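Enquirer: Below is one structure. I have some questions about it.
The values are calculated or read from the model by the stated rules, or taken from the named source; none is laboratory data. All figures in this text were calculated on a predicted structure; none of them were measured in a lab. With ideal geometry, Cβ positions are generated from the backbone for all residues, glycine too; neighbour counts draw on all protein chains shown. In case anyone asks, the SASA skips ligands and DNA or RNA and just uses the protein heavy atoms, side chains included. Shrake-Rupley method; radii C 1.70, N 1.55, O 1.52, S 1.80 Å.
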Amino acid sequence: MTKPGFDIFCRVVDNYGDIGVCWRLARQLARHPAAGPVRLWVDDLASFARIERGVDAGAPRQQVAGVELLHWIDPAPAVQPHAVVIEAFACSPPAGFLACMRDNLWINLEYLSAEDWIEECHALPSLQASGLKKYFFFPGFTEATGGLLREPALAATRSDWLAEPDRRWRLLRRIGMPSALRDKLQAGWRQAFVFCYGDAPAGALTGALIRSGRPTVAIVPQGVLPGLAGLQGDTLQVFESPFVDQDDFDRLLWGSDLNIVRGEDSLVRAIWAQQPFLWHIYRQEEDAHLAKLDAWLQRAQFSLSTASLMRAWNTGDEAGVSQGLEQALKNDSWQQWRHETQLLHERLASQTSLAERLMTFCTEKLRSG
């Protein structure tokens with residue numbers, strides 16, 4: 001059997017989360033020895049260009065990192081579908097493209113969840129009106145799901161980068177951090193990376209950091225939490241950084257003592273960073289997101305104090321965040337939090353990655369028909 005090619009369709013709905021997942025998957029498939037050509041369709045190249053420097057937001061067709069990029073517009077470019085067609089998060093491919101599909105494998109890449117029911121639904125087919133089958137592929141935290149996106153040898157890449165501290169200082173200089181702030185970090189100040197939604201309890205966060213006894217430099221991407229700079233003081237300095245590509249995003253997480261992340265892609269990267277973190281889950285109507293948060297906390301096996309802090313962060317409980325984070329930053333509690341994070345990383349890193357599971361699934365389905 002020839003190596004299967006992939007078409008991946010992405011609509012940028014929530015700023016950077018959708019394209020973040022799709023771009024990581026596309027890059028990993030493009031590097032996979034068993035995969036053929038990879039083509040990524042994106043409707044919003046401007047947002048894409050903010051997290052990938054190689055993208056030309058004005059070019060309707062281009063090649064970046066071994067992946068063919070197409071601007072998904074109406075009418076869509078006329079191309080022959082590759083063997084595997086992946087629609088990310090139920091964004092159906094254009095009608096003209098679907099009309100050209102015959103024996104193609106059609107996959108709906110779903111949102112990441114820790115809920116029990118996804119194990120029952122993962123890899124199930126759904127017969128379409130055209131007669132084609134669409135398979136549901138659920139990323140998840142267990143062997144019975146689609147797994148998590150992770151590059152081969154990622155842990156070793158992280159260790160090699162951290163083994164040379166000058167790389168960290170060069171990165172901070174490259175993204176424009178003033179020398180005065182870099183000097184503070186080199187003198188032992190805490191580095192915190194803050195990438196959350198706008199309704200985060202920022203006052204409780206800054207208050208706990210200020211009272212923690214260790215001064216902090218907080219790195220916040222521009223426009224993410226604009227009010228944070230107004231809460232800084234003598235022992236808390238805020239640096240508003242430009243958006244960076246995915247590789248530098250990972251490195252900022254690796255180099256930070258505390259990471260605050262949001263959404264799906266950043267959660268997984270925080271886990272691989274092996275540093276204590278707070279996750280800001282995407283808010284849904286009628287607080288449906290809290291059931292997903294509780295399911296994930298159960299999978300994560302955090303201590304009661306860490307889980308309570310995570311829930312307070314997501315419910316906007318200022319007092320809970322203030323007290324919980326202040327306690328978590330104390331030495332014994334901090335070491336416990338780090339230990340819990342390490343254990344979570346070890347459990348999940350021992351599983352096969354999403355790209356590997358996807359390749360195995362596609363190869364088997366294409367072979368069997």
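Enquirer: From the phi of every residue in the stretch 51-57, what ³J(HN,Hα) in whole Hz does the Karplus formula 6.51 cos²θ - 1.76 cosθ + 1.60 yield, where θ is phi - 60° and glycine or proline is x?
Expert: My calculation for the stretch 51-57 gives 10, 9, 4, x, 7, 9, 5 Hz in order.
Enquirer: Same structure, new question: I'd like the accessible area for His122: 1.4 Å probe, protein heavy atoms, all chains in place, Å² to the nearest 10.
Expert: 30
Enquirer: What's the FRET efficiency of Ala129 with Arg367 using the Cβ-Cβ distance as r and R₀ = 30 Å, to the nearest 0.05?
Expert: Rounded to the nearest 0.05, the efficiency is 0.70.
Enquirer: Further question: Suppose every Lys and Arg Cβ carries +1 and every Asp and Glu Cβ carries -1, with no other charges. What dipole size does the chain come out with about its Cα centre, to the nearest 20 debye? List each step's numbers first, then the result.
Expert: On the way: 37 positive and 44 negative charges, 204 e Å.
Charge dipole of the chain: 980 debye, to the nearest 20.
Enquirer: How would Glu285, Glu318 line up by accessible area, probe 1.4 Å, largest first?
Expert: Order by accessible area, largest first: Glu285, Glu318.
Enquirer: Would you kindly calculate the translational diffusion coefficient of the chain, applying Stokes-Einstein with the Kirkwood radius from alpha carbon pairs, for 20 °C and a viscosity of 1.002 mPa s, and quote it in µm² s⁻¹ without decimals?
Expert: The calculation lands on 99 µm²/s.
Enquirer: Something else now. State which helices in the chain qualify, where a helix is a whole DSSP H run, it must extend 18 Å or more along its own axis by its Cα atoms, and its mean Kyte-Doolittle hydropathy must be at least 0.0.
Expert: 17-30
Enquirer: Can I ask one more? Past the 11 angstrom mark, what percentage of all C-alpha to C-alpha distances in the stretch 22-61 do you count?
Expert: 66
Enquirer: Springs between alpha-carbon atoms under 10 Å, Gaussian network over the chain: tell me which of Leu154, Leu325, Leu293 tops the mean-square fluctuations.
Expert: Greatest mean-square fluctuation among the candidates belongs to Leu154.
Enquirer: Something else now. Given the options Arg53, Arg24, Arg150, which has the most mean-square fluctuation in a GNM of the chain, springs set between C-alpha atoms less than 10 angstrom apart?
Expert: Residue with maximal mean-square fluctuation among Arg53, Arg24, Arg150: Arg53.
Enquirer: Probe radius 1.4 Å, ligands and nucleic acids ignored: give me the carbon and sulfur share of the accessible area of the stretch 76-134 as a rounded percent.
Expert: Numbers: 1550 of 2870 Å².
Ligands and nucleic acids excluded, carbon and sulfur give 54 percent.
Enquirer: If you check each cysteine of the chain for another cysteine whose beta-carbon is under 4.7 Å away, which ones come up empty?
Expert: Lacking a cysteine Cβ partner under 4.7 Å: Cys91, Cys100, Cys121, Cys196, Cys362.
Enquirer: Test of understanding: in a Gaussian network model of the chain with alpha carbons linked when under 10 Å, which of Asp250, Asp44, Asp74 would top the mean-square fluctuation ranking?
Expert: Maximum fluctuation in the GNM of the chain, among the listed residues, is at Asp74.
Enquirer: What is the distance, in nm, between label points placed 7 Å from the Cα along the Cα-to-Cβ direction at Ile73 and at Arg214?
Expert: Result: 5.1 nm between the two label points.
Enquirer: Given a 1.4 angstrom probe, what's the average accessible area per residue across the chain, in square angstrom?
Expert: 43
Enquirer: Continuing with the same structure: For Arg31 and Asp287, what does the FRET efficiency come to when R0 = 56 Å and r is the distance between their Cβ atoms, rounded to the nearest 0.05?
Expert: In this case the efficiency is close to 0.90.
Enquirer: Follow-up question, since we're still on this one. Give the residue list of chymotrypsin sites (Phe, Trp or Tyr not before Pro) in the stretch 178-211 that are DSSP loop and have at most 16 other beta-carbon atoms within 10 angstrom.
Expert: Taking the stretch 178-211 and a limit of 16 other Cβ atoms within 10 Å, the loop chymotrypsin sites (Phe, Trp or Tyr not before Pro) found are Tyr197.
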